[in-house]
Amino acid sequence: MLKEQLEKVRGQMPLIHNITNYVTVNDCANILLACGGSPIMADDLEEAEEITAVCGGLNINIGTLNHNTIPSMLAAGKKANACGHPVLLDPVGAGASRLRTETARRPLKEVHFTAIRGNISEIKTLALGMGGAKGVDADGIDAVTDANLESTILFAGRFAEDTGAIVAITGAIDIVTDGDFACVIRNGHPLMSKVTGTGCMLSAMMTAYLTANQEQPLEAAAAAVCAMGLAGERAYQRLSAKEGNASYRSKIIDEIFLMDGKILEEGARLCKYRLQKQENGTSEKIICTEVPHEM
Amino acid sequence: MLKEQLEKVRGQMPLIHNITNYVTVNDCANILLACGGSPIMADDLEEAEEITAVCGGLNINIGTLNHNTIPSMLAAGKKANACGHPVLLDPVGAGASRLRTETARRPLKEVHFTAIRGNISEIKTLALGMGGAKGVDADGIDAVTDANLESTILFAGRFAEDTGAIVAITGAIDIVTDGDFACVIRNGHPLMSKVTGTGCMLSAMMTAYLTANQEQPLEAAAAAVCAMGLAGERAYQRLSAKEGNASYRSKIIDEIFLMDGKILEEGARLCKYRLQKQENGTSEKIICTEVPHEM
Amino acid sequence: MLKEQLEKVRGQMPLIHNITNYVTVNDCANILLACGGSPIMADDLEEAEEITAVCGGLNINIGTLNHNTIPSMLAAGKKANACGHPVLLDPVGAGASRLRTETARRPLKEVHFTAIRGNISEIKTLALGMGGAKGVDADGIDAVTDANLESTILFAGRFAEDTGAIVAITGAIDIVTDGDFACVIRNGHPLMSKVTGTGCMLSAMMTAYLTANQEQPLEAAAAAVCAMGLAGERAYQRLSAKEGNASYRSKIIDEIFLMDGKILEEGARLCKYRLQKQENGTSEKIICTEVPHEM
């Protein structure tokens, strides 16, 4: 099904409103264009809601939040809800400062997010009020590994249920869940962590995927994660020994531009699981059952 | 004459003050350096006028305007007028929100612009108070085609007369007019629409051209449009099948860097027309007469 | 010793807080990742100190300062001092406006900087209250040449003594001094001046070097300058005749990514001098004595 999600983005060319950080904003714009979407950035309170209304989806990224843009994020988020538009939260650096943690957590009460995408430390901060953030990167102690995969899926699933959002935790192993099902994705390349903004770019692109595939938010979010990881793999294959992270950045965006449904389906490394609650009232225990790779 | 305009930019290295959006600002700086100019960005009200005064020209781009930068734009614009410096308006997204439309229209009353450059929807919004903006891109229904070329030239010419500015409408077909003459330019490549900021970059570069060629603003603006479109064509020729919009972005700037007067003159696809008003008092009718390609 | 400085950055992966301009911020983030550091950008007053506290070093760059970020710079600077973290000042465009000059000079009284890095005009503005800034570039009349090298070293040395900071003046010839010793570095390529932000990138990277090498700030700053210049040389060698300043930008960052201690030591063109005050009380005269290249 990944093919379908990708092709709907290319077919619909969704216009995405981004209230995002000034560090990676150009890459977010170019990756939106690369995947078939169309970007607009507008963060002044006086126009945020109006711009949200004319767009198809909203991407809120708190990477360089400030007291001017925080109210715009909230107002735009509510407007997107009122319009029935998908809205994504990227809680960049949540846990690194009180302002970020609060700015990320507050809208959870006031805005319904279609998806929340972050690294494991950021998501833990949102869900639990604490995480091991190391600046804007996940702390190593939080890393998702095969050893803690099941418990992390369960954690993510509970957070998805609590928020009603698709929760996407990305890193070496990616988890995307709506609380009922979870996709575990093993695309990507370690060098992606040496390019600033691969997470931000993914969030922007995921918003386009969610906007063009509103009936299937889990599949849309998972397809975007696969596409980003696969672009990272394919870009790495094209990287010569004379090139470094700056060339890699351009090649990743290029690969998103060049990607079609066939490339995505053949390259995606995705397993889908069902999250089953135990059949006894209060139990928190949940069982993962692998589902045939039907996506 | 295009050769002359280009060489004057390289000879004079005009310092350009940019109050511009944070999405494409780095590309604007690099394309200014590529064409032979020198960029400075400063948007705080406390220094905007002073920076304008020490520069040769001013580029105002409302792409991510906010309540802090709007007063700076106005103050800097007036200062540029007082100094006799060329000043360009790029009304990014005019029509997409009331704030943008008003911010773009208000300075028209208070600042005299040497040039106004935008897509057809933005220019219609400025001129008529309404346009079919789709975010920051022109709406398809507004597109300049051979079928509506003459009427669009006439529209642009009237807006140029009303504002006293060179009006540059860019898209698949570009129109640059001062109300008396109009240049129609058919350089460029459709892929340029998949790179964020090609319009912003053109505006920054056009400001440098206007600054180094103050006696010939129409020719300067037209030369910048030809250079940008030709860079897009030449960059496309250097794009391999393995590359996408991110690589294309770098190559466009590279081609501006590599361009000399000979390349520009040989590659430019420009026709110049004379706009003739009918010889009867109130008539709005205007006749286009092709002028031999003398530029 | 350059090898050691570089390897400590790669080994420690220092987290650097950048309060910097939105023009070159993405390149600063990517070059920090390239050299082995880790970037975080945060400029709102409400989180600036907190972010500084969790980082290892602070890079203050006034390239697009505004009334919101100036107080953040000051607060973060003081916090870094309180934490004992290295803090660097990049006085971009000091001299181009009163606001920049004052913003650059004021923290000199309130914050102790580990290093100050700028072009000669910016440093003259800081030290003397006046310089020949041409926008954000050094004025030609200020340029460091072999003819004025000794006097410029002495000037830089006095400013280093006055401020207690490593002073790094970069341009065609680079000077890095702590007042007792001065390193003169002749790496680099003229084309670097056609890439926006090479100075900003160097400042960000230098902050990482200072943070990972706190016992040897002079050596750390000099190693960063050598690395940047050498990256410029090596990137230029990889630039084809079909490429321009945009490709060059990426290649410079790539070369920082690829650089190891061996490459740096073999490519660095550094001479170290001792600054000797005359042995008579009030005399300002200082003698340069070349020191064998022991670094």
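The values are calculated or read from the model by the stated rules, or taken from the named source; none is laboratory data. Computed from a predicted model, the values in this text were never measured in an experiment. Note: ideal-geometry Cβ built from the backbone for every residue, glycine included; neighbour counts use all protein chains shown.
Some points to look at:
- Tally of residues being in a loop (DSSP other than H, G, I, E, B), charged (D, E, K, R) and within 14 Å of chain B (Cβ to nearest Cβ) across region C:239-272: 2
- In the set (1) farther than 21 Å from residue A:195 by Cβ; (2) buried (at least 24 other Cβ atoms within 10 Å of the Cβ); (3) touching a strand residue (DSSP E or B) at 6+ places or on another chain (Cβ under 9 Å), residue C:46 fails one condition alone, (2).
- Take the conditions (1) in contact (Cβ under 8 Å) with a residue 12 or more places away in the chain; (2) surrounded by fewer than 24 Cβ atoms within 10 Å (Cβ to Cβ); residue C:215 misses just one of them, which is (1).
- Test: residue C:208 is in contact with a Phe, Trp or Tyr (Cβ under 6 Å, 6 or more places away or on another chain) and either more than 14 Å from chain B (Cβ to nearest Cβ) or in a helix (DSSP H, G or I) (or both): no
- All of (1) of a type outside the set (Ser, Thr, Tyr); (2) out of contact with any strand residue (DSSP E or B) (no Cβ under 8 Å at 6 or more places or on another chain); (3) surrounded by 22 or more Cβ atoms within 10 Å (Cβ to Cβ) hold for residue C:191 with one exception: (3).
- Residue satisfying all of: in region B:51-78; out of contact with any Asp or Glu (no Cβ under 8 Å at 6 or more places or on another chain) and surrounded by fewer than 24 Cβ atoms within 10 Å (Cβ to Cβ); farthest from the other protein chains (Cβ to nearest Cβ) among these: B:71
- Qualifying residue in region C:135-144 (condition: more than 14 Å from chain B (Cβ to nearest Cβ) and in contact (Cβ under 8 Å) with a residue 24 or more places away in the chain): yes
- Considering (1) away from chain B (no Cβ under 14 Å); (2) out of contact with any helix residue (DSSP H, G or I) (no Cβ under 6 Å at 6 or more places or on another chain), the lone condition that residue C:223 does not fulfil carries the number (2).
- Hits in region C:74-98 (condition: closer than 17 Å to residue B:42 by Cα and either basic (Lys, Arg) or over 17 Å from the mean Cα position of the chain (by Cα) (or both)): C:95, C:96, C:97, C:98
- Residue count, region C:139-181 (criterion: buried (at least 23 other Cβ atoms within 10 Å of the Cβ), closer than 26 Å to residue C:28 by Cβ and of a type in the set (Gly, Ala, Ser)): 4
- Condition broken by residue C:229, with the remaining ones in (1) small (Gly, Ala, Ser); (2) surrounded by 24 or more Cβ atoms within 10 Å (Cβ to Cβ); (3) without any contact (Cβ under 8 Å) to a residue 40 or more places away in the chain satisfied: (3)
- Unmet requirement for residue A:84, which otherwise passes all of (1) at negative phi; (2) surrounded by fewer than 24 Cβ atoms within 10 Å (Cβ to Cβ): (1)
- For region B:10-27, filtered to residues that are of a type in the set (A, V, I, L, M, F, W, C) and surrounded by fewer than 24 Cβ atoms within 10 Å (Cβ to Cβ), the residue that is farthest from the other protein chains (Cβ to nearest Cβ) is B:13.
- The condition of being over 14 Å from the mean Cα position of the chain (by Cα) and of a type in the set (Asp, Glu) holds for residue C:162.
- Among the candidates C:106, C:98, residue that is surrounded by fewer than 18 Cβ atoms within 10 Å (Cβ to Cβ), within 14 Å of chain B (Cβ to nearest Cβ), at negative phi and without any contact (Cβ under 8 Å) to a residue 24 or more places away in the chain: C:98
Residues checked against (1) touching a residue at least 60 places away in the same chain (Cβ under 8 Å); (2) touching a helix residue (DSSP H, G or I) at 6+ places or on another chain (Cβ under 8 Å); (3) within 21 Å of residue A:23 (Cα to Cα); (4) not charged (D, E, K, R):
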{"site": "B:41", "(1), (2), (3), (4)": "no, yes, yes, yes"}
{"site": "B:47", "(1), (2), (3), (4)": "no, yes, no, no"}
{"site": "B:51", "(1), (2), (3), (4)": "no, yes, no, yes"}
{"site": "B:81", "(1), (2), (3), (4)": "no, no, no, yes"}
{"site": "B:112", "(1), (2), (3), (4)": "no, yes, no, yes"}
{"site": "B:121", "(1), (2), (3), (4)": "no, yes, no, yes"}
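- Flag if residue A:34 is surrounded by 24 or more Cβ atoms within 10 Å (Cβ to Cβ), hydrophobic (A, V, I, L, M, F, W, C), within 7 Å of another protein chain (Cβ to nearest Cβ) and over 20 Å from residue A:92 (Cβ atoms): yes
- So residue A:209, is it modelled with pLDDT of 95 or more, closer than 23 Å to residue A:91 by Cβ and aromatic (Phe, Trp, Tyr): yes
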